[in-house]
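Visitor: Below are the structure tokens for one structure; questions will follow.
Taken together, the values in this text are just the output of simple stated rules run on the coordinates, not laboratory data. All values derive from a computational prediction rather than experimental measurement. Here the Cβ positions follow ideal geometry from the backbone for every residue, glycine too, while neighbour counts run over all protein chains shown.
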Amino acid sequence: MVPNRTAAFDEIIARHLGEVEQFVILGAGMDTRAYGALDLGGVEVFELDRAETQRLKRETLERAGIDASQVNFVSVDFSTEDPFEKLAAHGYDLRKKTLFLWEGVTLYLTERSVRENMARVKANAAPGSALVVDIYGERMLALARPRVAERTLAMTGEGLQFGMSFAKDWEAELAAFMGSTEYGLGETHFMGTRHDKGPFMVVVALQV
């Protein structure tokens, strides 16, 4: 799943980078896209994550001899701080078209939190910006919980929470949810559509 998910994200990101001026990675973790094969051109890159995570990442990049000077590291506690206040302090310009990457995060949040974060991005993004995100099916979470939830919770403090019902008309289900957030639905990559219980996840590009 993970290699296919990464490939889907990379395809969408590559198509959008030529149309934006800023690239914001929300909850960047150990994501290496800013140091890999993607053509960032003159796009300004911002990575947001907790201070301790970024400290470890920057130390690792330095030990590996990888230049990170093109990245604006923005430390933020998403539970207590406004990420866009922190972004603004590091040069983020809400007048510029921006690509937001939100990968591997929504399944750890409540639906309310997912909606709140999406609304926050929309309120602070220029027209023509895009949010690329992965959403998981309820059956995927049901399979994963007994196998990985306890270990994940112990390591990260985050359980598996938000999923959508993709059992029947998954395209309509996704469209209805995104319509309720007032995002435009763009390119989608459903995975596992041949299963009789529907796909287990989707990577989707949303239009601000």
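Visitor: Around residue 167, with a cut-off of 12 angstrom between Cβ atoms, what is the net charge of the other residues, counting Lys and Arg +1 and Asp and Glu -1?
Guide: -1
Visitor: Mind pulling the per residue volume of the convex hull built on the Cα atoms of the range 2-207? Å³ is fine.
Guide: Roughly 125 Å³ of hull volume per residue.
Visitor: Considering only the other residues whose Cβ falls under 14 Å of the Cβ of residue 102, what net charge follows from Lys and Arg at +1 and Asp and Glu at -1?
Guide: So the surrounding residues net to -1.
Visitor: Which length gain, in nm to one decimal place, applies between residue 51 and residue 10 when the Cα-Cα distance is subtracted from 0.36 nm times their residue separation?
Guide: 12.2 nm
Visitor: Using Cα centres only, tell me the gap between the range 18-65 and the range 174-200 in whole Å.
Guide: Between the Cα centre of the range 18-65 and that of the range 174-200, the gap is 27 Å.
Visitor: What residues qualify as long-range amide H neighbours of residue 72, i.e. H under 5 Å apart, gap of 5 or more or another chain, H built at 1.01 Å from N?
Guide: Close amide H contacts, sequence-distant or interchain: 45, 46, 47.
Visitor: Among DSSP bridges having both ends in the range 2-207, what percentage is antiparallel? Round to the nearest 5.
Guide: 40 percent
Visitor: Additional query: Kindly list the residues of the range 12-46 that lie in the label zone of residue 69, defined by a backbone N under 19 Å from the point 7 Å along the Cα-to-C-beta vector.
Guide: Residues 34-36, 40-46 qualify, since their backbone N sits under 19 Å from the label point.
Visitor: Rounded to the nearest 20 Debye, what is the dipole magnitude of the range 2-207 about its Cα centre when Lys and Arg each give +1 and Asp and Glu each give -1 at the C-beta?
Guide: 380 debye
Visitor: Ignoring everything except DSSP H segments at least 4 long, calculate the 222 nm mean residue ellipticity for the chain; use -39,500 (n - 2.57) per segment, divide by total residues, nearest 500.
Guide: -10500 deg cm²/dmol
Visitor: Still on this structure, please answer the following. Using a ≥ b ≥ c from the Cα gyration tensor of the range 1-86 (square roots of the eigenvalues), is it rounded, prolate or oblate, where a/c under 1.5 gives rounded and otherwise the larger of a/b and b/c decides, a/b for prolate?
Guide: In terms of gyration-tensor shape, rounded.
Visitor: Would you mind counting up the charge near residue 22? Only other residues with Cβ under 9 Å from its Cβ, with Lys and Arg at +1 and Asp and Glu at -1.
Guide: Overall, the nearby charge balance is -1.
Visitor: Which distance in nm do the two modelled labels at residue 37 and residue 143 give, with both placed 7 Å along the Cα-to-Cβ direction?
Guide: So the two model labels end up 2.7 nm from each other.
Visitor: Within 10 Å, count the other beta carbons around each residue, average over each peptide in 100-107, 83-90, and list them highest first.
Guide: Per-residue Cβ counts within 10 Å, averaged per peptide and sorted highest first, yield 100-107, 83-90.
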